[in-house]
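Here's the structure we're looking at; comments come further down.
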Amino acid sequence: DAGVIQSPRHEVTEMGQEVTLRCKPISGHDYLFWYRQTMMRGLELLIYFNNNVPIDDSGMPEDRFSAKMPNASFSTLKIQPSEPRDSAVYFCASSPTSRGIYGYTFGSGTRLTVV
Amino acid sequence: GQSLEQPSEVTAVEGAIVQINCTYQTSGFYGLSWYQQHDGGAPTFLSYNALDGLEETGRFSSFLSRSDSYGYLLLQELQMKDSASYFCAGRGFKTIFGAGTRLFVKA
């Protein structure tokens, strides 16, 4: 298995532009998570899906952020419009179950820089 | 609310044993996980404790005491490659990560 695949690896954009981050979870994993990591705030859970349905989006910072999972093999996180404070590493992770015993498998992350 | 507290950094020498502590407050607590993250990399899953006691996986062991809301990660026979950040993560209604402990292994 190729693991969780994220694209792009790096994204540099100007303030006000739309940014779309993409994620392909491991096949058969029913849970998908989007996390954001910064030095100041650490790893923050933004949203998670179960069987393509958003379960908890309370971590989404504001309306500029949206996430979708149109099918079991693809999810997007969109920021529109982007702001410099959105600069962070965004990780997608997947898990076969809500129980922690198998842990989460993280993708390599997308390093977003908004200038 | 949910929060996890762990030391910001720990330094140890190669071949030694180091313990990284984690105390937590989570709603609907199910278990405690540990992750390793090297600089520039992604977190990787190390272990999960749902019940009290010690779980051993090779050189790494993890312990949980639910009554004390406390856990730790024990790394034995430290190697240079163990230099990384280690995160405890509380599995409650959702999984929340601690701020991470940066481990420096010296020769």
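Annotations for the structure displayed:
- Those residues of the stretch B:26-48 whose amide nitrogen sits under 19 Å from the label point placed on A:Ile101, 7 Å along Cα→Cβ: B:29-35, B:45-48
- Solvent-accessible area buried by pairing B with A, both sides, nearest 100 square angstrom, 1.4 angstrom probe: 1300
- Unit charges at the beta carbon, dipole of chain A: most positive-side option, A:Val89, A:Ile47, A:Phe65: A:Val89
- Exercise: per-residue mean of other protein chain Cβ atoms within 10 Å, A:102-114: 3
- Only protein atoms count toward the accessible area here, which uses a 1.4 Å probe; on the stretch B:1-66, the carbon and sulfur part of that area reaches 48 percent.
- Length-normalised contact order for the stretch B:1-96 - Cα pairs under 8 Å, 6+ apart - percent: 36
- Note on B:Arg59 and A:Ser66: their simple-model spin labels are 4.8 nm apart, each label 7 Å out from Cα toward Cβ.
- Normalised Debye scattering of the protein assembly as shown at q = 0.12 Å⁻¹ gives log10 I(q)/I(0) of -0.64, counting only Cα atoms as equal scatterers and leaving out solvent.
- Over chain A: Rg over Rh, Cα atoms, Kirkwood Rh: 0.95
- Buried on assembly, the stretch B:64-106 (at least 30 Å² less accessible surface than by itself, 1.4 Å probe): B:Arg91, B:Lys94, B:Thr95, B:Phe97
- Extension gain for B:Ser27 to B:Ser8 (0.36 nm times residue separation, less C-alpha to C-alpha distance): 4.5 nm.
- If you model the stretch A:64-115 as an ellipsoid using its alpha carbon gyration tensor, with each semi-axis the square root of five times an eigenvalue, the axes come out at 25, 14, 9 Å, biggest first.
- Pairwise FRET efficiency - A:Ile55 versus B:Asp68, Cβ, R0 = 22 Å, nearest 0.05: 0.15
- In this structure the protein assembly as shown gives 48 Å² per residue of accessible area when probed at 1.4 Å with all protein chains present.
- Eigen-decomposition of the gyration tensor built on the alpha-carbon atoms of chain B gives equivalent ellipsoid semi-axes of 23, 14, 11 angstrom, largest listed first.
The values are calculated or read from the model by the stated rules, or taken from the named source; none is laboratory data. Predicted model only: the values in this text are computed from it and were never measured. Glycine gets a Cβ as well: all are built from the backbone with ideal geometry, and neighbour counts include every protein chain shown. We work out accessible area using only protein heavy atoms, side chains counted, and drop any ligands, DNA or RNA first. Shrake-Rupley method; radii C 1.70, N 1.55, O 1.52, S 1.80 Å.
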